[in-house]
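Before any comments, here is the structure.
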Amino acid sequence: MEVLATEQLVSKKCKPCEGGVDACTLDEARQQLSGLTEWHLVRDGQRIRKEWVVKHFQAAVDFFNRVAEVAEADGHHPDLHLEGYRNVAIELWTHAIGGLSENDFILAAKIDQIPIELKS
């Protein structure tokens, strides 16, 4: 997988994945993550995750709704987590291959552009 700058990732659209392709390697994932803010590898390098503490419950719901719109437009759907009413996390991986693909980094870059009301 070619390592792309954030601007390049945002300009791309996720490609449908039905499996049959290899997940990116740990080294490729680390290199691609170097251009994304605060995303990190989890689950033995098979997923990426980012966490936020938002201002209040409604800010979390509003953020998730905006994430849902972007994800649906790209046909690539993250796991959304809300705990303790303001602790928000998103995990990305390509389910069909059980690991990371370029789609995950594309969506992460797009999520980073979505406004979010953080706790002061």
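Derivation of every value follows stated rules applied to the coordinates shown; laboratory data play no part. Values in this document were obtained by computation on a predicted structure and should not be read as measured data. Here the Cβ positions follow ideal geometry from the backbone for every residue, glycine too, while neighbour counts run over all protein chains shown.
What to note about this one:
- Positive dipole terminus of the chain, leading residue within 76, 45, 88 (C-beta point charges): 88
- Taking other C-beta atoms within 10 Å as the exposure proxy, 37, 6, 25 rank 37, 25, 6 from fewest upward.
- The largest-to-smallest principal axis extents of the Cα set in the chain are 40, 26, 25 Å.
- Computed per residue of the chain from DSSP H runs no shorter than four, each worth -39500 (n - 2.57), the mean residue ellipticity at 222 nm is -10500 deg cm²/dmol.
- Footprinting exposure proxy for 63, 57 (fewest neighbouring C-beta atoms within 10 Å first): 57, 63
- In the chain, the longest principal axis of the Cα atoms and the axis of helix 57-74 are about 30 degrees apart.
- Panel order for 9, 82, by other beta carbons found within 10 Å of each beta carbon, from fewest to most: 82, 9.
- For the range 106-112, 3J(HN,Hα) computed residue by residue from phi via the Karplus equation (6.51, -1.76, 1.60; θ = phi - 60°) reads 4, 5, 4, 5, 5, 4, 4 Hz, glycine and proline entered as x.
- Placing +1 on each Lys and Arg Cβ and -1 on each Asp and Glu Cβ, with no other charges, gives the chain a dipole about its Cα centre of roughly 320 debye.
- Phi-derived couplings, Karplus 6.51 cos²θ - 1.76 cosθ + 1.60 at θ = phi - 60°, listed residue by residue for the range 115-120: x, 9, 8, 7, 5, 6 Hz, with x used for Gly and Pro.
- Centre separation in Å (Cα based) which lies between the range 77-112 and the range 1-25: 14
- Neighbour-limited loop hits for GluC sites (Glu not before Pro), the range 41-120 (at most 16 other Cβ within 10 Å; DSSP other than H, G, I, E, B): 117
- Amide H within-cut-off set for residue 47, under 5 Å, with H built and near neighbours excluded: 42
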